[in-house]
């Protein structure tokens, strides 16, 4: 069976795409790693900083995917997306948002790379043509690998 054309990121599992695209971003070498990368937590709900050394690339890849799927959202909406349950010891747990500073930095880097742009009219961020093409290329590669593995 020949691989079909028109593969988008909706045709592949999210975890495979995010892992692959994070490796692609790191391999390009154009992302500037901030000096606070190894000491910052990803939200007040976390107890420790991320243990994965490439966590910033993974977050950028996940954000690029989210912008692709849901356009015109701002930093606040994405911080709620990356939030979770804050465990307060013996006190009741509550929802806490993810770090907006990290999300803002990732979106700014994606803008600098030309993958995401601001929508001045509607507000929020939108995926650019280059970003859509980049993500769909990764998705097509993953789809072809999975198809070859199944055969």
Testing the spin-label approximation: label points 7 Å from Cα along Cα→Cβ at residue 39 and residue 27. State their distance in nm. 3.4
How do the peptides 126-132, 20-26 rank, highest first, by the average count of neighbouring beta carbon atoms within 10 Å per residue? 20-26, 126-132
Which distance in Å, rounded to a whole number, links the C-alpha centroids of the range 112-139 and the range 5-75? 14
The range 64-115: Kirkwood hydrodynamic radius (Cα pairs, Å) comes out at 12.3
Hey, how much of the P(r) for the range 1-65 falls beyond 20 Å, as a percent of Cα pairs? 40
Between 0 and 90 degrees, rounded to the nearest ten: what's the tilt of helix 100-112 against the longest Cα principal axis of the chain? 30
What percent do you get for the relative contact order of the chain when only Cα pairs under 8 Å and 6+ apart count? 31
Summing -39500 (n - 2.57) over the DSSP H runs of n ≥ 4 in the chain and dividing by its residue number, what mean residue ellipticity at 222 nm do you reach, to the nearest 500 deg cm²/dmol? -15500 deg cm²/dmol
For volume of the Cα convex hull per residue in Å³, one of (1) 101; (2) 180; (3) 136 was computed from the structure I shared and the rest are decoys. Which label? (3)
Highest mean first, how do 45-51, 56-62, 101-107 rank when packing is the count of other Cβ atoms within 10 Å averaged over residues? 56-62, 101-107, 45-51
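Any read-out appearing in this document is the output of simple, stated calculations on the displayed coordinates, not a laboratory observation. Quantities reported herein were computed from a predicted structural model and do not represent experimental measurements. Cβ atoms come from the backbone with ideal geometry, glycine included; neighbour counts cover every protein chain shown.
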